[in-house]
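K.L.:
Before I ask anything, let me first share the structure, which is written out below as structure tokens.
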Amino acid sequence: MGQCPSEFDLIERYFSLGVPSKWPSQGIGDDCAIISIGTSKIAVTTDTLAIGTHFLPDADPFTVGYKALAVNLSDLAAAAAVPRAFFLALSLDKADEAWIERFTAGLKKCAQQYGCALLGGDTTRTSFIGQERAPVTMTITAMGDVQEGLTRKGAKPGDDIWVSGTLGDAYAALMLRTGEWEGTCTQHLADRMDVPTPRVELGQFLQDYATACADVSDGFLQDLGHILKRSAVGAVVNVDACAASVDLRALGQQRCRQAQMAGGDDYELVWTAPVAARKAIEAFAKQIGITVSCVGTILSDTHLNLVDATGATVLNVYHGFDHFDQ
Ligand code: ADP
Ligand code: MG
């Protein structure tokens with residue numbers, strides 16, 4: 001028996017169909033597909049979320065609705081898109097109106113905030129597993145306008161590697177809430193897990209500066225790894241260079257690094273840009289009031305090297321999220 005394939009092994013092995021596309025995107029592998037319509041282009045993405053897999057079983061349905069759309073808008077942000085519309089396919093275990101009312105209130109809040117209209121969808125019931133219905137799942141397909149659109153391909157040797165916000169907060173919240181880590185989950189960490197902020201404005205700005213971009217959903221090093229692979233380059237990353245929230249730092253260096261490098265659920269952006277873009281990137285981040293950190297450099301060989309603040313080599317023990325791990 002061979003080793004159990006990872007989520008990404010499966011995707012690469014079975015879903016790269018090789019059927020040619022007449023649109024700018026030639027296949028899978030980016031956060032969004034870029035599609036041309038006449039002289040215009042749009043970016044399209046789809047993400048499925050399930051109660052129990054992506055949300056704790058007792059998650060507030062308001063935050064479930066908000067986050068279900070926000071994570072899709074994060075993929076649009078990674079493509080430098082302006083969100084325009086989304087479709088919602090919902091599988092419910094029961095017709096619980098109180099749950100649906102709060103779910104749609106959260107969904108509406110996010111939709112209004114980012115000007116993204118719900119234009120269609122589907123509603124079904126989940127199947128039985130033994131005597132019980134399977135938990136709720138939701139699939140959102142979101143789309144938006146782009147100029148050219150950013151993808152994970154295009155990082156060049158010598159480019160800086162940047163990341164937005166403070167990584168690791170959502171993972172810390174999960175670890176504290178599930179009791180994996182001792183301590184109390186602060187409101188800040190809880191909010192970072194429950195109501196992520198898709199970096200839509202930043203993504204659009206990066207159209208003119210970034211050479212490649214992805215959103216951080218499955219762990220920073222794993223998502224950076226997708227950029228490296230698609231761009232056929234390597235990198236050196238300083239594991240201590242990313243801004244961390246006060247609440248995360250309070251949990252100690254070991255946990256802070258683990259959460260930041262591998263945690264996931266951040267919905268921040270990771271991108272590469274020429275050194276000449278530094279001033280413009282920093283000025284824009286200041287203007288919109290977000291933190292950005294320059295955490296490394298793209299190299300021409302295809303290895304990923306980790307160092308600490310002193311420049312000493314750090315062993316890469318950081319594994320991002322894989323749905324088929326265990
Ligand atoms: P994201 O986290 O941005 O949603 P992933 O890293 O999970 O993207 O997926 C990697 C790439 O594989 C994406 O381009 C995604 O569209 C594609 N992909 C994942 N699952 C499938 C599938 N079942 N069929 C086709 N493409 C898929
Ligand atoms: Mg993504």
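The values are calculated or read from the model by the stated rules, or taken from the named source; none is laboratory data. All of these numbers come straight from a predicted model, not from anything done at the bench. Note: ideal-geometry Cβ built from the backbone for every residue, glycine included; neighbour counts use all protein chains shown. Just the protein is used for accessible areas: all its heavy atoms, side chains included, with ligands, DNA and RNA removed. Shrake-Rupley method; radii C 1.70, N 1.55, O 1.52, S 1.80 Å.
K.L.:
Placing unit charges on C-beta atoms (Lys and Arg positive, Asp and Glu negative, everything else neutral), compute the dipole magnitude of the chain about its Cα centre in debye, rounded to 20.
P.N.:
680
K.L.:
Let me ask another. Note the direction-averaged projected area, equal to a quarter of the hull surface, for the Cα convex hull of the chain, in nm².
P.N.:
With every direction weighted equally, the projected area is 18.7 nm².
K.L.:
Shape call for region 126-177 from the C-alpha gyration tensor, a ≥ b ≥ c root eigenvalues: rounded (a/c under 1.5), prolate (a/b greater than b/c) or oblate?
P.N.:
oblate
K.L.:
By the gyration tensor of its Cα atoms, with a ≥ b ≥ c the square roots of the eigenvalues, what is the shape of region 18-134: rounded for a/c under 1.5, prolate for a/b over b/c, or oblate?
P.N.:
prolate
K.L.:
Full-extension gain between Ala105 and Thr184, please, as 0.36 nm times their residue separation minus the C-alpha to C-alpha distance.
P.N.:
25.6 nm
K.L.:
Still on this model: Can you give me the % of accessible surface on the chain that is carbon or sulfur? Probe 1.4 Å, all protein chains present, nothing else counted.
P.N.:
Its accessible area is 53 percent carbon and sulfur atoms.
K.L.:
Something else: Convert 20 °C to kelvin, take the viscosity as 1.002 mPa s, use the Kirkwood radius over C-alpha pairs of region 92-228 as Rh, and evaluate the Stokes-Einstein diffusion coefficient in µm²/s, rounded to a whole number.
P.N.:
Taking Rh from Cα pairs, D becomes 116 µm²/s.
K.L.:
Sticking with this structure for a sec: Roughly speaking, what is the centre-to-centre gap between region 44-66 and region 167-221 when only Cα atoms are used, to the nearest Å?
P.N.:
With region 44-66 and region 167-221 each reduced to a Cα centre, they are spaced 15 Å.
K.L.:
Could you state the number of Å between the C-alpha centres of region 1-38 and region 253-326?
P.N.:
Region 253-326 and region 1-38 have Cα centres separated by 24 Å.
K.L.:
Quick one: compute the contact order of region 232-326, relative version, from alpha carbon pairs under 8 angstrom and 6+ residues apart, as a percent.
P.N.:
Taking the mean separation of contacting Cα pairs over the length of region 232-326, I get 54 percent.
K.L.:
Let me ask something else. Which residues does a label at Thr313 reach in region 235-267, if reach means a backbone N under 17 Å from a point 7 Å past the Cα toward the Cβ?
P.N.:
Label zone hits: 235-239.
K.L.:
Please work out how much length the chain gains when fully extended from Ala250 to Thr48, using 0.36 nm per residue of separation minus the C-alpha to C-alpha distance, in nm with one decimal.
P.N.:
So the chain would gain 69.4 nm between Ala250 and Thr48.
K.L.:
What translational diffusion coefficient, to the nearest whole µm²/s, does region 168-326 have by Stokes-Einstein, given a Kirkwood radius computed over alpha-carbon pairs, a temperature of 10 °C and 1.306 mPa s viscosity?
P.N.:
97
K.L.:
Roll a 1.4 Å probe over the protein chains and send me the accessible area per residue for the chain in Å².
P.N.:
Spelled out: the 1.4 Å probe surface of the chain, per residue, equals 49 Å².
K.L.:
Still on this structure, I have one more. With an 8 Å Cα cut-off and a minimum separation of 6 or more residues, compute the relative contact order for region 160-307 in percent.
P.N.:
After rounding, I find 45 percent.
K.L.:
Using the alpha carbon gyration tensor of region 228-309, what are the three equivalent-ellipsoid semi-axes (square root of 5 times each eigenvalue), largest first, in whole Å?
P.N.:
22, 19, 11
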